[in-house]
Amino acid sequence: MTEFEDAKQNLEDALDKIEKAEYLERLKNPESYLETSFSVQMDSGERKSFMGYRSLHSSARGPGKGGIRFSPEVNEDEVKALSLWMSLKCAVVDIPYGGGKGGVSVDPSGLSKSELERLSRRYVDSVFKVIGPDTDIPAPDMNTGEQEMAWMMDQYSQLEGSKTPESFTGKPVEAGGSKGRGDSTGFGAAYIIEKIIQETNQEPEDMTAAVQGFGNAASPAVKKLDEIGVNVIAVSDSSGATYNMNGLGYKELIKCNRERGEVCPVGEEISNEELLELDVDFLVPAAIEGVITEENADDVSADYIVEIANGPTTRKADKILKENGVKMIPDILANAAGVTVSYYEWVQNRTGEYLDRDEVLDRLQNKMINAYKEFRETRDEEDVYGRQAAYMMAAERIVNSMQAEKP
């Protein structure tokens, strides 16, 4: 997993910079890791076996936090890598969690709803001893969502012997989920963009953005940017991109997307590769990893890259972008709003005091802006590239927590 190797190298650089290199080996590896095999009865009556995984990278700052994905590509290296990223992400926005990640090696597209439910419940059975509201709190990820979290929370509660909504986040509101969770990741990135525009004394209407993606995180980002007044001139999905130099309206995009299940060519049709090269103020890679590489980094014309996707830019590309003056708002900051609202959900479940949508989003905006300000100060004072600044912030907080317990 190239992105994981990049992350470990970036972590090493950050620890060197803050003079904590002796913590590298500890932070490169998870604190605990579980691999399990379990069987599920199919609708046909046949029983199939599946491999399940859960990695807890660090509990120095609090319980583990991270998603569960259902994908044929789920494996040991992937969940260990993603749990490291989650530790960094939680630390950079300063919420009291460590990083966790898990999943099942399965193609969920071939399963019925009842098979998905049985798979979800059996996964919880298999990892029950290592998860929980005080140890490691799962959430949705690739190919899982509110429904799977509701099933999993119910299964955990049955095994625990009492209703335990705080054992999982990303649940439906009706099952103890937080209002505002669905929009949070995209909105969080947009809040940072709005702050940058304010700092540079620009008007939103004079700024442009291109968003690669139109999924669960990208679509809310487009929505919020449109509300702010930024001209989103291109969006895309796996089938291609649509471009209009005068701006694309969110309402038209979402209406067409819901009708056709894809990004509609409401403007000029261009490729995903061409979208990355558009001359915009903000390029927002919000789909998949590894799309900006040393091969195309010189062609990036944006002033800022704001990473909503995990690992969309390679380490070698970072060097080129830095030389070319492209500013970076890295993934562990730009897409940390989702886990932040998951934290709010966990707190609401534990206290029984629930917030309305506006309260959640107001708190989220304050948290993301404060994290961005600390990031900007670190970047400018240390004269480092954006990604290194975020890694330095996160690594220092994790190490400080480790030292506080065992100096």
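The values are calculated or read from the model by the stated rules, or taken from the named source; none is laboratory data. Please read these numbers as outputs of a predicted model, since none were measured by experiment. Every residue, glycine among them, receives a Cβ derived from its backbone with ideal geometry; neighbour counts consider all protein chains shown.
The table below lists the values:
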{"read-out": "The stretch 374-387, residues that are free of Cβ contacts under 8 Å to residues at least 12 places away in the same chain and either under 15 Å from ALA190 (Cα atoms) or outside any helix (DSSP H, G or I) (or both)", "value": "ASP383"}
{"read-out": "The stretch 306-327 - residue that is within 19 Å of the chain's Cα centre (by Cα) and among the polar types (S, T, N, Q) and, of those, surrounded by the fewest Cβ atoms within 10 Å (Cβ to Cβ)", "value": "ASN310"}
{"read-out": "LEU361, sole failed condition from (1) in contact (Cβ under 8 Å) with a residue 12 or more places away in the chain; (2) aliphatic (A, V, I, L, M); (3) within 19 Å of LYS65 (Cα to Cα)", "value": "(3)"}
{"read-out": "Selection count, the stretch 390-407, where residues are within 11 Å of ILE18 (Cβ to Cβ) and without any contact (Cβ under 8 Å) to a residue 60 or more places away in the chain", "value": "1"}
{"read-out": "Per-region count, the stretch 218-247, residues within 25 Å of the chain's Cα centre (by Cα) and outside any helix (DSSP H, G or I)", "value": "14"}
{"read-out": "Selected residue [part of a loop (DSSP other than H, G, I, E, B) and either among the hydrophobic types (A, V, I, L, M, F, W, C) or over 25 Å from PRO133 (Cβ atoms) (or both)] from SER49, SER44", "value": "SER44"}
{"read-out": "Residue within the stretch 92-99 that is assigned to a strand (DSSP E or B), in contact with a His (Cβ under 8 Å, 6 or more places away or on another chain) and either closer than 28 Å to ALA371 by Cα or not basic (Lys, Arg) (or both) present", "value": "yes"}
{"read-out": "Sole exception among (1) without any contact (Cβ under 8 Å) to a residue 60 or more places away in the chain; (2) surrounded by fewer than 16 Cβ atoms within 10 Å (Cβ to Cβ) for TYR33, by number", "value": "(2)"}
{"read-out": "Total residues in the stretch 137-171, condition of a type outside the set (A, V, I, L, M, F, W, C) and touching a helix residue (DSSP H, G or I) at 6+ places or on another chain (Cβ under 6 Å)", "value": "13"}
{"read-out": "Failed item, numbered, when GLU273 is tested on (1) of a type outside the set (Gly, Ala, Ser); (2) more than 23 Å from ASP183 (Cβ to Cβ); (3) crowded, with 18+ Cβ neighbours inside 10 Å; (4) modelled with pLDDT of 90 or more", "value": "(3)"}
{"read-out": "Per-region count, the stretch 346-361, residues out of contact with any Phe, Trp or Tyr (no Cβ under 9 Å at 6 or more places or on another chain) and of a type in the set (Val, Ile, Thr)", "value": "2"}
{"read-out": "Residue list for the stretch 198-236, restricted to those being of a type in the set (A, V, I, L, M) and in contact with an Asp or Glu (Cβ under 7 Å, 6 or more places away or on another chain)", "value": "MET207, ALA209, ILE228, VAL232"}
{"read-out": "Restricting the stretch 272-303 to residues that are free of Cβ contacts under 8 Å to residues at least 24 places away in the same chain and not in a loop (DSSP other than H, G, I, E, B), the residue that is nearest to LEU225 (Cα to Cα)", "value": "GLU273"}
{"read-out": "Restricting the stretch 98-136 to residues that are out of contact with any Phe, Trp or Tyr (no Cβ under 6 Å at 6 or more places or on another chain) and β-branched (Val, Ile, Thr), the residue that is nearest to ILE398 (Cα to Cα)", "value": "THR135"}
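So that you can scan it fast, the table gives a plain yes or no per residue for (1) modelled with pLDDT of 90 or more; (2) surrounded by fewer than 19 Cβ atoms within 10 Å (Cβ to Cβ):
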{"site": "ASP226", "(1), (2)": "yes, no"}
{"site": "VAL232", "(1), (2)": "yes, no"}
{"site": "SER238", "(1), (2)": "no, yes"}
{"site": "ALA241", "(1), (2)": "no, no"}
{"site": "GLY249", "(1), (2)": "no, yes"}
{"site": "LEU253", "(1), (2)": "no, no"}
{"site": "CYS256", "(1), (2)": "no, yes"}
{"site": "GLU259", "(1), (2)": "no, yes"}
{"site": "LEU278", "(1), (2)": "yes, no"}
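Residues checked against (1) of a type in the set (Ser, Thr, Tyr); (2) assigned to a helix (DSSP H, G or I); (3) touching an Asp or Glu at 6+ places or on another chain (Cβ under 8 Å):
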site	(1), (2), (3)
ILE305	no, no, no
ALA309	no, no, yes
ALA317	no, yes, yes
TYR344	yes, yes, no
ASP362	no, yes, no
ALA390	no, yes, no
ALA395	no, yes, no
ILE398	no, yes, no
